[in-house]
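First the structure, in the form of structure tokens, and then the observations on it.
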2 protein chains.
Amino acid sequence: MPEYKAPLRDMQFAFYEVLQAEQHYQRIGAEDASRDMVDAILGEGSKFAEEVLSPLNRVGDEQGCKFEDGQVTTPAGFKQAYKQFVEGGWPSLAGETEYGGQGLPESLATVLNEMVSTANWSWGMYPGLSHGAKLTLSKYGSEEQKQTYLSKLTSGEWTGTMCLTEAQCGTDLGLLKTKAEPNADGSFRISGSKIFISAGDHDMTENIVHIVLARLPDAPGGTRGISLFIVPKMSVEDGSTNNVSCGSIEHKMGIHGNATAVLNFDEATGYLIGPENGGLKCMFTFMNFARLGTAMQGVASAELSFQGALAYAQDRLAMRSLAGPKFPEKPADPIIVHPDVRRMLLTQKCIAEGGRVFIYFCAMQGDILHSQASEEEKAEAEALMNVLTPIAKAFLTETGYEAANYGMQIFGGHGYIAEWGMEQIVRDARISMLYEGTTGIQALDLLGRKVLSNRGESLRFVTRIMHRFCRDNETKGMQEFIKPLRKLYKEWGGFTTKLGLKAMRKPEEVGGASVDYLMYSGYVTLAYFWAAIANTAMLALQDNTISKQEKAYYESKIKTARFYYKRILPRTRSHKEIMFSGVKNLMDLDADHFRM
Amino acid sequence: MPEYKAPLRDMQFAFYEVLQAEQHYQRIGAEDASRDMVDAILGEGSKFAEEVLSPLNRVGDEQGCKFEDGQVTTPAGFKQAYKQFVEGGWPSLAGETEYGGQGLPESLATVLNEMVSTANWSWGMYPGLSHGAKLTLSKYGSEEQKQTYLSKLTSGEWTGTMCLTEAQCGTDLGLLKTKAEPNADGSFRISGSKIFISAGDHDMTENIVHIVLARLPDAPGGTRGISLFIVPKMSVEDGSTNNVSCGSIEHKMGIHGNATAVLNFDEATGYLIGPENGGLKCMFTFMNFARLGTAMQGVASAELSFQGALAYAQDRLAMRSLAGPKFPEKPADPIIVHPDVRRMLLTQKCIAEGGRVFIYFCAMQGDILHSQASEEEKAEAEALMNVLTPIAKAFLTETGYEAANYGMQIFGGHGYIAEWGMEQIVRDARISMLYEGTTGIQALDLLGRKVLSNRGESLRFVTRIMHRFCRDNETKGMQEFIKPLRKLYKEWGGFTTKLGLKAMRKPEEVGGASVDYLMYSGYVTLAYFWAAIANTAMLALQDNTISKQEKAYYESKIKTARFYYKRILPRTRSHKEIMFSGVKNLMDLDADHFRM
């Protein structure tokens, strides 16, 4: 397993130089987030990620979680690492000050989260999953509920989960069956079985706060009859066991270090949170956040796999460069001389470093939404979030998986062997295209719900920032990026209207075009961020006093942007043609005639 | 794990209807291969694959091979299945009659091999790996060597391996170090360590025949100093143990049921086969065969994953069709109503069923090479083999992996859970892009060695069959396929010349374009086979007397071809643009500046 080394220079470049975090924090009134403090947090956080979490990544895969006598045991070292994490005050970074949090912006927690996630995705999910529960409590909890649960989640003393899926339904929550029956004291008896509960049970904390979707008696069928409940693993009153038991944990392709639990609720005591029958709507409020968290897995997979593959490519000898020996004193050249190895490395680099900017940008929109910014600013941030979240989730996990596979590929046969760890990254990454809504679901969300439902209005917020960027940076050097970017975002806007017209005549056309539409959107969005990166680098290079090292750093950014525009962006050509091929070629075949 | 059901109707369609195997066998004088006999073999073979091998597929993954006290134990049931396989006479199907074989054409063994491979890839590798040893012995062995070894390999009493890779070299065999020192009796003492030896040790047979690459004393350095040796695990003279020991077996991402061995040769007794220092050249003779075998893994992965995903998509309920409920009596529609699920299923179907025809076609070229056909026919067959083999190997494994991933994706979160078996298919499939030469190596082989080295002459054999096909089938119904196919094969030929000119000026351009060139070539080649499939179906539909079921079968082929042309073939647009972007964007970045 590659040892994780936090790319601090690159993270700072993305955060401060490309996205100008300092101005951003001033604008939203987050004066606490000074650069010095942030750098200190990043420095300490990276040590924790590198020294404590990274060495446990392979351990987690090898040992997995154990389930014996109804108890889940996490891999050796996981529990101790969590203790350290809590003692370091990390869980409370962006928490509300009223409940023990440090009140820093969420975008800052995102940067910390990147390091934790990349060093050890399975471990990071334990504190990560608490987020949904925290957000639910923060927005819908009573003051008493907040005092009881939110403060413990903020400190990290307890963790939380979101219990949605049941055996018969994941995507289609309208089919869920878990029941909630009222008790005389205002609490409820929750009964049903939930599956695929990430971090659903473990031995790291003494209590776990489950947020459970269930139906009240006589609730309407479908999605309009779902309510939310708080169900603690242990009673907060007397510390007795609630009737929530872990039935088993799943044997999975990857993320072995994280327990994916079947949770059986057998008249467990729960407390209503949020409006009756309004549970699904409440959930959707936080969907963006959870999906952005999963998008991070794409970046994390690309980054970790890139680190491993780059070191190997610089070290492993095979064949000579087609241009003649580059290292004649060695028995063969290191494989980084070969164009196709570089193609794979540069693709990984594009996804990791471009995706990083993409996700930080989204996190900053989240900051704006939770700040004292003007209504207008918030409206823009919300529109950007709405459109960019499904893109980030699906596009970055699809390309992150591709990048992880390239890392294995660069190792040749060794990539397939467990001890190198490259195949673990692929196995771990694979789930990112499935949970928090599959790629297909993100694509429907994007095209159907986020774009077409308001006639492209939200999308125009996205193309508008691209327009402004192109207008404001029309330098000679930037032409190679500005020209194709302008053409693309105009094309994007243009054919969205065309798709909308097609969909009005035949709604199925949305489903036929959606995934190609999403991937196209992803490539264009990432092109925007790579143009912004190149622009930042060009401006920095105007300063003649920078060191040789810094000069090379900025030049590497421009060259990578060029690679992206020349070798990755042309994929839009295929997606465009395919999405306009019409849904008929998909629907023509009778369901019984796929195999005869 | 999906239970494998041999798609006999589809195999027969590919073999007899599209590729007209009967005429083929008449032409090459293989009268023994009558249709009745072949059908009987397929019927029996499919039973063995479905009833014996398929149930062991998951067992092999779960148990894996064990290595204890220097001994490899295969998963429960593997040994017994192998015994049955030998008793059934299956290994000898295409073996030479002089050494106990049944003398049937290799293409027939390929059809059997498809069933074995799809039912249980890990198991199929044990008899499969014998092929390289058999071919080596058949072509280069002395009569005595053939009597001793080839007859035992043909009957299946023993298995064989190919021992190429060492820790420091896989792709670049010029770096290999294993030594062969002469003994007084004409034999050699072989010393060195080989890794990644598939089926390298096991408990299924009492002996294993290793074909080992090693260097004679004073042999020239690099690839021109490599010779081939036969090294049996047990001495054939006295049954004593030779000094070959299994040092360990690898822990791999997949194919757990097949032992990937480290073999230590410690002055093991070996026998030279083929010319001194000519070993690598001998190896290359059989490369096409081994690579075609790996190409089959792409088809097998797509097929098995398709079978699992199709059943699930017809059964699993979620959401309603965007066109309105299709099954209003059910709580939700089966997911096969959703366009994006169909997109994934149809992609799998295209790769499995089109790839099947592709591989059978290549196998038939192999038949011609080993028949009494005219020199002209053989020259054509050889040119087709040379060009199509790297395409089949890399393109079908890349798209086979994509197809396997779609199978998982259709299962949603359940796809990630081991018990469904869909993730095993992905893990098993992943190695196919690595062994027998990575995708990058196939691409260099195709563009550099097979196409440009003879100025596109071999390629013209391929485009010529497409040209003839288009010319001969200019019906009205076929226009939708003929037109784009004609445009594409002309474009393919045209830009190959352009690439050749670029490469003459700068050899690195080959490496910069090769993988995109290969993928482009793959999509065009598969387009040809899908056009041939559609054409066969259209001709069959002219017969008014066929059953309703048969009519639907042929129509499904035409609809699938249409899907391929509309939704898969446009990928050529991106590959074309990317391969002409030039190698500069890959080479510009200093090797030390990939991460700073």
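Just so you know, all these numbers are worked out from the coordinates, no wet-lab data involved. Keep in mind that what you see is a predicted model, and the values were worked out from it rather than measured. Every residue, glycine as well, gets a Cβ built from its backbone with ideal geometry; the counts of neighbours run over all protein chains shown.
For peptide A:564-570, the mean count of partner chain Cβ atoms within 10 Å of a residue's Cβ comes to 5. Sum -39500 (n - 2.57) across every DSSP H segment of at least 4 residues in chain A, then divide by the residue count to get the 222 nm mean residue ellipticity, nearest 500. For chain A, the value works out to -16500 deg cm²/dmol. Here the relative contact order of the stretch A:250-368, from alpha carbon pairs under 8 Å that lie six or more residues apart, stands at 23 percent.
Looking at the stretch A:444-526, which GluC sites (Glu not before Pro) are in a loop (DSSP not H, G, I, E or B) and have at most 16 other Cβ atoms within 10 Å? The qualifying sites are A:Glu474.
Each of the peptides B:518-525, A:567-574 was scored by the mean count of other Cβ atoms within 10 Å over its residues; in descending order, highest first, they stand as B:518-525, A:567-574. In terms of distances greater than 32 angstrom between alpha carbons, the cross-link table entries B:Lys490/B:Lys548; A:Lys252/A:Lys487; A:Lys139/A:Lys506; A:Lys450/A:Lys551; B:Lys483/B:Lys584; A:Lys476/B:Lys506 yield B:Lys490/B:Lys548; A:Lys252/A:Lys487; A:Lys139/A:Lys506; A:Lys450/A:Lys551; B:Lys483/B:Lys584. Ascending distances from the A:Ser193 label point to its copies in the other chains, with the point 7 Å along the Cα-to-beta-carbon line: 4.9 nm. Each Lys and Arg adds +1 at its Cβ and each Asp and Glu adds -1 at its Cβ; summed about the Cα centre, the stretch A:332-428 shows a dipole of about 320 debye.
For chain B, the longest principal axis of the Cα atoms and the long axis of helix B:339-349 meet at an angle of about 40 degrees. Each copy carries a label point for B:Lys551 at 7 Å from Cα toward Cβ; from one copy, the others' points are 7.7 nm away, ordered from shortest.
A simple spin-label model places pseudo-atoms 7 Å from Cα toward Cβ; at A:Glu377 and A:Ser34 they are separated by 2.1 nm. Report the calculated FRET efficiency for A:Asn544 and B:Ala591 (r = Cβ-Cβ distance, R0 = 22 Å), to the nearest 0.05. That gives a FRET efficiency of 0.25. Relative protection proxy for A:421-434, A:317-330, A:244-257, B:581-594, from highest mean packing down: A:421-434, A:244-257, B:581-594, A:317-330 (other beta-carbon atoms within 10 angstrom). Ranked by the mean number of other Cβ atoms within 10 Å per residue, highest first, peptides A:132-141, A:91-100 order as A:132-141, A:91-100.
Would you order B:Phe229, B:Phe48 from fewest to most other beta-carbon atoms within 10 Å of each residue's own beta-carbon? In increasing order of surrounding Cβ atoms, one gets B:Phe48, B:Phe229. Placing R0 at 56 angstrom, the Cβ-Cβ distance between B:Gln84 and A:Glu267 gives a FRET efficiency of 0.55 after rounding to 0.05. Between the listed residues B:Ala49, B:Phe196, B:Asn585, the Cα displaced farthest toward the positive end of the dipole of chain B, a dipole computed from Cβ unit charges relative to the Cα centre, is found at B:Asn585. Simple rule: put +1 on each Lys or Arg Cβ and -1 on each Asp or Glu Cβ in the stretch A:454-582, find the dipole, and look at A:Leu485, A:Met519, A:Ala531; the Cα lying farthest toward the positive end is A:Leu485.
Here the simple spin-label model places points 7 Å from the Cα toward Cβ, and for B:Glu143 and B:Ser155 these points are separated by 2.1 nm.
A simple spin-label model places the labels of B:His467 and A:Glu491 3.3 nm from each other, with each point 7 Å out along Cα-to-Cβ. Between copies, the label points of A:Gln26, set 7 Å from Cα on the Cα→Cβ line, lie 8.7 nm apart, reported in increasing order to one decimal in nanometres.
Shielding of peptide B:504-510 by partners, expressed as the average count of other chain Cβ atoms within 10 Å per residue Cβ, is 3.
Shielding by partners for B:438-448, please: the mean number of other protein chain Cβ atoms within 10 Å of each residue's Cβ. Per residue, the number of nearby Cβ atoms from other chains is 3 on average. Neighbour counting of Cβ atoms within 10 Å sorts the residues A:Thr165, A:Thr223, fewest neighbours leading, into A:Thr223, A:Thr165. Computed from the C-beta positions of B:Asp238 and A:Asp69 and an R0 of 60 Å, the FRET efficiency is 0.60 to the nearest 0.05. With contacts taken as Cα pairs under 8 Å and at least 6 residues apart, chain A reaches a relative contact order of 13 percent. Give me the angle, in degrees from 0 to 90, between the Cα long axis of helix B:355-369 and the longest principal axis of the Cα atoms of chain B, rounded to the nearest 10. Roughly 50 degrees, rounded to the nearest 10. Helix B:548-563 axis versus longest C-alpha principal axis of chain B: approximately 80°, rounded to the nearest ten.
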